[in-house]
Amino acid sequence: STDYVAALESGDIALINVEDGQQEDQLLGSYVDLAVYRDMVFAADGSSVDVFEADSNSLEEETSGIITGLDSITEIVVGDFDDDDSDIELAVLDAGTDEVYIYELDQHYDSASLSEVIDVDSGALELLTLPEYVETSTDTGGNLADDLLVGGSNSTIFYDETSL
């Protein structure tokens, strides 16, 4: 929603009204990163990811533990990384295994299936997405999928749908 912003504050999720800067809702937790897609908030703690829906001026739990069992989640992002235009994927950087996991999400955000595992440098610290609308079809070497950037202390790695 353009009326609210989801923010991470000391492990808690805060829903903030953009107009007046007031906090509308807060969910207590030990979250390390957030990703937002439309009115859905994906929140990662060290080993799992939960999904919440921003409904009016509150956050409602959609799916608890859509992803579980990872070692040390540090970053998450959402996007259409495979350029199929039918669903979105959730990319999860796990510093404990030095891997990025790409999960296909169903249309109701209540299940996820692992589609790709990418080995990354042990210095990987940051996971970012480059949205497809930043690129144009006339760009040399461009594509119309969201691209994935993995940055760290040693390098930055660029992935597009041709490398996933």
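Results, tabulated for the structure shown:
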{"read-out": "Accessible surface of region 32-102 [probe 1.4 Å, protein heavy atoms]: carbon and sulfur percent", "value": "34"}
{"read-out": "Size of region 62-137 as Cα extents on the principal axes (Å, biggest first)", "value": "35, 30, 18"}
{"read-out": "Probe 1.4 Å, accessible area per residue of region 1-100, Å²", "value": "45"}
{"read-out": "Residue 8-residue 114 pseudo-label distance in nm [points 7 Å out on the Cα-to-Cβ vector]", "value": "2.2"}
{"read-out": "Rg/Rg_globular for region 1-118, with Rg_globular taken as 2.2 N^0.38 Å and Rg from C-alpha atoms", "value": "1.04"}
{"read-out": "Residue 87-residue 55 pseudo-label distance in nm [points 7 Å out on the Cα-to-Cβ vector]", "value": "2.3"}
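The values are calculated or read from the model by the stated rules, or taken from the named source; none is laboratory data. Keep in mind that this is a model prediction, so the values were computed, not measured. For neighbour counting, all protein chains shown are included, and Cβ atoms are generated from backbone atoms with ideal geometry for every residue, glycine included. When the accessible area is computed, the model is the full protein with side chains, heavy atoms only, and any ligands, DNA or RNA have been set aside. Shrake-Rupley method; radii C 1.70, N 1.55, O 1.52, S 1.80 Å.
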